[in-house]
Amino acid sequence: MRKYDSFWLSNKAWYHWTENGDRVLNDDAPPEAKASYEHYNQQRKEAEERVKSGKALD
């Protein structure tokens, strides 16, 4: 099971939902939430690259 950084999701005031159903960090979120969101996106990108190359997620 892959675990992604989810600190940025710990406060509903820090993010919003898009029309496509994605959660996106708000511009006024604190620096800690922004760092967590950046890490989360990097983790997702790395996982996607691993799958595309034929490797397992973990």
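The values are calculated or read from the model by the stated rules, or taken from the named source; none is laboratory data. This structure is a prediction, so every number in the text was calculated from the model and none was measured. Glycine gets a Cβ as well: all are built from the backbone with ideal geometry, and neighbour counts include every protein chain shown. Calculation scope for accessible area: heavy atoms of the full protein, side chains included, ligands and nucleic acids excluded. Shrake-Rupley method; radii C 1.70, N 1.55, O 1.52, S 1.80 Å.
Observations
- Placing unit charges on the Cβ atoms of the charged side chains and taking the dipole of the chain about its Cα centre, the candidate lying farthest along the positive direction among Ala56, Tyr40, Trp14 is Ala56.
- Listed residue pairs exceeding 23 Å between alpha carbons, taken from Lys12/Lys34; Lys3/Lys55; Lys12/Lys55: Lys12/Lys55
- Residue ranking by accessible heavy-atom surface, 1.4 Å probe, largest first, among Trp17, Trp8 comes out as Trp17, Trp8.
- Separation of region 24-49 and region 1-23, taken as the distance between their Cα centroids, equals 9 angstrom.
- Sorting the Cα pairs of the chain by distance into bins of 10 Å, from 0 upward, gives 23, 45, 27, 6 percent per bin.
- Extending 7 Å from Cα along the Cβ direction at Glu32 and again at Ser53 yields two label points whose distance is 3.4 nm.
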